[in-house]
Amino acid sequence: MVKAIRVHELGGPEVLKWEDVEVGEPKEGEVRVKNKAIGLNFVDVYFRKGVYKAATVPYTPGVEACGVVTAVGPGLTGRQVGDLVAYAGQPMGSYAEEQILPANRIVPVPPSIDPTVAASLLLKGMTAQFLLRSCFKVALYLCSSIWNFRKLNLDTQSLSMQQLVELDPFLCQWANALGATVIGTVSTKEKAAQAKEDGCHHVIIYKEEDFVARVKEITSDNGVEVVYDSVGKDTFEGSLACLKTRGYMVSFGQSSGAPDPVPLSTIAVKSLFLTRPRLFNYAVTRDELLEMAGEVFGNVQSGVLRVRVNHTYPLSQAAQAHEDLENRKTSGSVVLIP
C-alpha cells in the first residue's frame with residue numbers, strides 16, 4: 001500500500017483526501033514509478049470542480065510527475081529500474097507516492113535537471129510547444145507555459161509577426177533570447193516586475209489600463225496575428241478584438257469560465273480562424289512526445305528557460321496547495337513532494 005490523494009466527490013479543495021491505495025505490479029508495456037516530485041496545474045482544479053470530467057469517481061488527480069522507475073512489466077525493453085523519468089498528460093493519477101504508467105508515455109529526464117524542475121515544467125512546456133509550433137506555426141522555435149491567466153504580446157521582429165499570447169515566464173525568456181520584443185499584461189505591479197525580469201520589454205497592468213487599446217496602440221491599430229487565450233469568458237471578446245484580419249484565435253483554457261457563444265458573423269467580419277486544441281491530440285505518437293519533451297529540456301539545459309519552483313507542499317497537503325493556487329497566493333511553479 002502507498003499513500004495518494006483521492007477525490008470521491010466534486011467540489012472545493014476539501015474533497016482532496018489523503019488515503020491508502022493499492023498500486024500493484026506493472027503489466028506488459030507498463031512501469032511502476034516512485035514519484036519524487038508532482039506538478040500542480042490549474043487543470044487539476046478543473047477536474048476537481050467538474051469543469052472537465054474524470055473518467056471515474058473516485059479518482060486520483062494529477063497529470064504530471066517525475067520519479068524513478070522501480071519495476072518494469074514483462075518483456076519490456078528500453079526502460080529499466082533506476083531510470084529517472086517524467087510524464088505529463090495522460091493517464092491521470094500523479095498525486096500518489098507511486099503509480100503505474102504506460103511505458104510509452106514516460107520520457108527520460110537528463111541527469112542535470114532536478115526532479116522538481118522536471119515535474120513543474122513538462123506539461124506547461126509541451127503545451128507551449130504545440131501551441132506555437134503546431135496550432136499556429138511560428139517559424140522561430142518558441143516555448144512556454146500558462147502565465148497567470150492573462151495576456152502577453154510577442155512581436156517576432158525577424159518575421160514581422162505579432163502575437164497576443166497568454167503564457168508563463170518561459171515565453172518571455174525564450175522570446176527574449178531570440179531577440180523578440182515582448183509586451184505583457186499582468187494583474188499587479190509585483191507580477192509586472194517579474195515579467196520584466198523574464199524578458200518582457202513593455203508591461204501593461206490590465207487593472208489600470210485597457211489591454212485591447214494598448215495592444216492596438218502598440219501595433220499601430222493593426223492588431224496581432226494570433227491570440228493564445230486560456231482565460232476564457234473574461235477575456236475572450238477582448239482577445240478577438242486584438243486580432244488583425246485573418247488572425248488566429250487559439251483558445252486553450254477557461255480559467256474564468258466558458259466563453260459565451262460566438263456568432264459566426266463576429267468571426268466573419270475579419271475572416272478570423274478559431275480553434276480549441278488539446279495537447280493530447282498533438283502528442284499522439286511516441287516520436288511526437290519525445291520531440292516535444294526533448295526541446296523543452298534542451299532549453300532548460302542551455303539556460304534559455306529558467307524555472308522557478310517558488311512553492312512546494314507535502315503531497316498530504318494538496319488541499320492547501322489547491323486553495324492557495326485558486327486564491328492567487330502562489331507564483332511561479334507549484335510542486336507537491338511525496
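Numbers for the structure displayed
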{"item": "Single condition TYR87 does not satisfy, out of (1) modelled with pLDDT under 95; (2) surrounded by 15 or more Cβ atoms within 10 Å (Cβ to Cβ); (3) hydroxyl-bearing (Ser, Thr, Tyr)", "result": "(1)"}
{"item": "Odd one out for LYS53 among (1) part of a loop (DSSP other than H, G, I, E, B); (2) over 13 Å from PRO102 (Cα atoms); (3) touching a residue at least 40 places away in the same chain (Cβ under 8 Å); (4) open to solvent by 30 Å² or more (accessible area, probe 1.4 Å)", "result": "(3)"}
{"item": "Selection count, segment 230-249, where residues are hydrophobic (A, V, I, L, M, F, W, C) and not in a helix (DSSP H, G or I)", "result": "4"}
{"item": "The one condition in (1) within 19 Å of SER120 (Cβ to Cβ); (2) open to solvent by 40 Å² or more (accessible area, probe 1.4 Å); (3) at pLDDT below 90 that VAL309 fails to fulfil", "result": "(3)"}
{"item": "Any pair with Cβ under 9 angstrom, 6 or more apart, that starts in segment 25-50 at a residue that is among the aromatic types (Phe, Trp, Tyr) and ends at one that is not in a loop (DSSP other than H, G, I, E, B)", "result": "PHE42/LEU325; PHE42/GLU326; PHE47/VAL7; PHE47/TYR59"}
{"item": "Count of segment 108-129 residues which are within 13 Å of GLY89 (Cα to Cα) and of a type in the set (Ser, Thr, Tyr)", "result": "2"}
{"item": "Matching residues in segment 9-50 - criterion: being open to solvent by less than 40 Å² (accessible area, probe 1.4 Å) and part of a loop (DSSP other than H, G, I, E, B)", "result": "GLY11, GLY12, VAL23, GLY24, PRO26, GLY29, LEU40, ASN41, GLY50"}
{"item": "Residue match in segment 212-229 (condition: modelled with pLDDT of 80 or more, open to solvent by 40 Å² or more (accessible area, probe 1.4 Å), in a loop (DSSP other than H, G, I, E, B) and of a type outside the set (S, T, N, Q))", "result": "yes"}
{"item": "Unique match (being over 24 Å from SER331 (Cβ atoms) and in contact with a Cys (Cβ under 8 Å, 6 or more places away or on another chain)) among LEU84, LEU10, LEU101", "result": "LEU84"}
{"item": "Qualifying positions in segment 56-78 - open to solvent by 50 Å² or more (accessible area, probe 1.4 Å), outside any strand (DSSP E or B) and either hydroxyl-bearing (Ser, Thr, Tyr) or in contact with a helix residue (DSSP H, G or I) (Cβ under 8 Å, 6 or more places away or on another chain) (or both)", "result": "THR56, THR77, GLY78"}
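Quick grid of which residues meet (1) touching a residue at least 24 places away in the same chain (Cβ under 8 Å); (2) surrounded by fewer than 16 Cβ atoms within 10 Å (Cβ to Cβ):
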| position | (1), (2) |
| --- | --- |
| CYS242 | yes, no |
| GLY247 | yes, no |
| VAL269 | no, yes |
| LEU290 | yes, yes |
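The values are calculated or read from the model by the stated rules, or taken from the named source; none is laboratory data. These numbers come from a predicted model, not from an experiment. Please note: Cβ atoms are built from the backbone with ideal geometry, for glycine as well, and neighbour counts cover all protein chains shown. Ligands, DNA and RNA are stripped out before the accessible areas are found, and what is left, the full protein with its side chains, is counted by its heavy atoms. Shrake-Rupley method; radii C 1.70, N 1.55, O 1.52, S 1.80 Å.
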